[in-house]
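Everything on this sheet refers to the single structure shown next.
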Amino acid sequence: MQGSGRSRILPVPIYTSPGKARVASARSILLVKVLDEEDGEASGSAALRTVSLGRLEEVQNLLKQFNCSGDGSPAASNVVYGPGVVLQMPMADRDDPVNQILVSLVEDSVAWPVLTRICRVLGWKMMDPSSGRTFG
C-alpha cells in the first residue's frame, strides 16, 4: 500500500480467553520540567515538584527544532507529530501554560533518541505515568 510514509500503530485486540478481548495500549510517557533543589525549593518532601514548560505557543515553537510540529489543522493545534512520537498538549489557548505533555511512542527505536535530545537541550524530564519515576 502506498501512503504518506508515516506509519500508524492502531490498537489491536489481544485475545486472552474465549469471548474476552482486551486492547493493547501504546506506550506512553510524560514530559515535565522538575524544579531542582538549588532553585530554592526545600527537598524534604517526596512529592515531585514540577513547573510549567512554557506557554502553549512557546512549547510548540521549541519542539519545532526537533522536527516536531502539528499537521497544520487549527482544530488539532494541541497535537504535535515528531520522529517516532505523537505529543499531546492540553486543550488550551496559545497563551495558557503547559505543565506536561503526553507522549505516545509510535516507533521506539526512533523515538528515544529524539526524546533524550529534547530533554537534554530543554532541561525537561521524562516521567513514567504508572510509577512516577523520572529520567532523561
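All other residues with a Cβ under 13 Å from the Cβ of Phe66 taken together, and with Lys, Arg as +1 and Asp, Glu as -1, what is their net charge?
Working: positive: Lys64, Arg117, Arg120; negative: none.
Taking every Cβ under 13 Å from that of Phe66, the sum is +3.
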For region 87-99, 3J(HN,Hα) per residue [Karplus equation, 6.51 cos²θ - 1.76 cosθ + 1.60, θ = phi - 60°, Hz, x = Gly/Pro]: 10, 10, 9, x, 5, 8, 6, 5, 9, 7, x, 10, 8
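Determine one quarter of the surface area of the Cα convex hull of region 27-131, which equals its mean projected area, and express it in nm² to one decimal. Spell out each step's value before the answer.
Details: hull surface 28.7 nm².
Mean projected area for region 27-131: 7.2 nm², to one decimal.
Every number here is computed from the coordinates shown, using simple stated rules; none is lab data. A quick note: this is a predicted structure, and the numbers were derived from the prediction, not measured. In this analysis, Cβ positions are derived from the backbone assuming ideal geometry, glycine residues included, and neighbour counts consider all displayed protein chains.
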